[in-house]
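Written out below as structure tokens is the structure these notes cover.
The values are calculated or read from the model by the stated rules, or taken from the named source; none is laboratory data. Everything numeric in this text was worked out from a predicted model, so none of it was measured. Here Cβ is always computed from backbone atoms with ideal geometry, including for glycine, and neighbour counts include all displayed protein chains. These accessible areas exclude ligands, DNA and RNA; they are computed on the full protein's heavy atoms, side chains included. Shrake-Rupley method; radii C 1.70, N 1.55, O 1.52, S 1.80 Å.
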Amino acid sequence: MSQWHQRILGSFTADLSRLWVACDPDGVLLDEKLLSELRARGFEVMGYDDPFGFRTEYEERYRAAWDADEPAPSPALIVHLRHDNANELPWDIVHNSRPAVRLNLAELFPKLAYGAVRQVEPERLEILFDAHQTELQSARGESESKDFILEHVYQLTPRSIRAPVDFWREVLRLHFAGRALPEPFAEHVAAILRVRGLLVGHPIAEWLSSRSALLRVVQDAWYLYLEKLKLEGRRMLEPDLPPFDAGEIGTAIEIPFDHTDVRAIIDSMFLDGSLHPLAVSGVPTAMPGWIKAGIVEDVWSQFALVEKGIEALAAAVPEADAPHKLWGDFAKRYGEMLNRVHELPSKDAGERMVAIRERIKAIQALTDERLQAWIAAGHYADLILQPAIKGPVMVHHVPRFLRQRRSAGEAKVALLVFDGLAFDQWVRIREHLIATQQPFAFDEYTAFAWLPTVTSVSRQALFSGLRPREFDDSIDHTNKEETLWKLFWQNEGGTAPGEVMYRRALHQVEQLDTLEANIADRKPMVLGLVIDEVDERLHKERSKEDVALWIGRWLGSGFVERLFAFLLSEGFSIYVTADHGNVDAVGIGRPNQGVIAETRGERVRVYRSDPLRAESAVAYPGTIALDIAGLPANFKPLFAGGRRAFVPNGDQVVVHGGVSVDELVVPFVRVSDVDRVR
């Protein structure tokens, strides 16, 4: 165990008390490793963000058991406060708990500037603490603290960057390793480089802090690089566009792709789907061999690219104790790869295509097994506690994140929920918009849906900002969705009811005339829209490949680009997400017991008692009973195991409701006007 974990966990000993209070304004205790270790030691951490929600859960799960002298869910409970004042807690909690444990970064890192330390992600504090204890002899100021943190946490020494090639090597390495810099550190590095005259006039800080911004630049620079080598072509997924013209790029950036350190990382980014190769008609024999990672000469090289990417993907499947960010990163890579597979021409590629599909199935089986173990071990429950300051971790965090964005200056926000949209299907939409040269930029992240991944549970959580146990009275339908959306903004956003708007069942271009007129007339500041084309269609298809084809045809109507363009022209910040994804599955038969109003969630059955669920589990071997934190106490899901569904035996279907990366990890994307990010 690291020094950091020993320092924090040393404050908690389960046998001293069953009720604890942690004053933790910096979210120190929310590191997933710490939460896992606390759970192993007999502690549960319960947040006090909502006093009414806390009181209900505390009374139901702990107080009643303690009063009856019966075992509680965990031997000890830690009430987690996101501020310093324990006196804001109810009297009975303060009176019956041990003196509050205070976790403050200023005290934990006394030799570093607090303003710098508080920008470091909780999962990286372990590294920083070790360096703080062993490397520092005296206190550092703000600038020196940032230098120290950059060197020891992010392995970046900006004062050693003396040429553009040094910068590109370091920024690509950072993003490929998943270590984008927090904005204050990115600004600090940019200031140092500006003094040295490097990349003057370019948004260096944005490239360091935003992976999507960097990838836009690298993608354009790759096309420019190939054009200078006299290689003409088009992006793989742009068959109907004219050849690439370097003059179309707003600001030409030259990257030294042929440098050994740079090209090694670029090769991997093409394989994992971060970058898109250029489809070319021919390659001169004198062309360097390493360039082939970023070009596609014919259909067989397209297959080869996918096959190499699949092998890299197989090696990247997270372990069962991985942090949630690794699962999110994997879900993005998996979605990119699945979309590439769906784009492959299957005609005349019989055996090769069969082999690719079998390899994908093997990855899916391994991923499902590890993800289910991850959830069963309690890691999914830890997500509920995560802060939403830098982005929602779960879909019910989305309203709070949007409220923060409004406070940060985004006066008008639009939440577009594509019901049932899996990440690979978002990639399909994004690639269509890029292929048709729409002026949009995308900042892509992920969020976790609620289990079970059905609309009445996860979409209602998404719009309400509540955990499912807090809307128990409507958990089997979505009729209260609009009311809960407006109630959130009235209570927590300080927004008048007339400034909040909600519309559902949108999917046809013809509906946009009325929608645009309503928005222009009512002038809402907060907009919630449900686009249900994907969810409506997927239940009619037999495979995700069929769904991809249908989405392609639907996109041809122009619905998405018109909606995005209108909202941006009205001054909205657009955020796109989904309530759940979807998965290919095979039927194992329909249980007679257990119903849920969202009848198309065929990967799960919900029961109101443990005996009834157990009876059905016996009748259907291979099903999985999981108790999910945050669900009502009498809401007992039974999940179909593997890639199976509760539909007639042997039926091939596309459904949702279960436990898989396809269903559980959904896109969360900010859509911007491309001219505003250049």
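Summary of computed values
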{"quantity": "Approximate spin-label separation HIS259-THR56, in nm, with each point projected 7 Å along Cα-to-Cβ", "calculated": "5.6 nm"}
{"quantity": "Computed E for THR483/GLU107 - FRET, C-beta separation, R0 41 angstrom, nearest 0.05", "calculated": "0.40"}
{"quantity": "Restricting the range 280-324 to GluC sites (Glu not before Pro) in coil, as DSSP defines it, with at most 10 other Cβ within 10 Å", "calculated": "GLU319"}
{"quantity": "Surface accessible to a 1.4 Å probe, GLU358 within the full protein complex, Å²", "calculated": "100 Å²"}
{"quantity": "Structure-derived percent of Cα pairs over 41 Å apart - corresponding label in (i) 30; (ii) 35; (iii) 26", "calculated": "(i)"}
{"quantity": "Nearby lysines by direct alpha-carbon distance to LYS325 (threshold 22 angstrom, same-chain neighbours under 8 apart not counted)", "calculated": "LYS33, LYS390"}
{"quantity": "Residue-span extension gain [GLU358 to ARG162] - 0.36 nm each, minus C-alpha spacing", "calculated": "65.8 nm"}
{"quantity": "Theoretical gain in end-to-end length, ALA316 to ALA505 [0.36 nm per residue, Cα-Cα removed]", "calculated": "64.3 nm"}
{"quantity": "In the range 387-489, trypsin sites (Lys or Arg not before Pro) in a DSSP loop with at most 14 other beta-carbon atoms within 10 Å", "calculated": "LYS390"}
{"quantity": "Two-site FRET efficiency, ALA408 against ALA520, from Cβ-Cβ distance with R₀ of 25 Å, rounded to 0.05", "calculated": "0.45"}
{"quantity": "Unit charges at the beta carbon, dipole of the chain: most positive-side option, ALA293, PRO318, VAL534", "calculated": "ALA293"}
{"quantity": "Probe 1.4 Å, protein heavy atoms only - accessible area per residue of the range 1-104 in square angstrom", "calculated": "48 Å²"}
{"quantity": "Protein accessible area in the chain, 1.4 Å probe - carbon and sulfur %", "calculated": "50 percent"}
{"quantity": "Top positive-direction residue, dipole computed over the chain with Cβ charges, set LEU19, PRO468, LEU344", "calculated": "LEU344"}
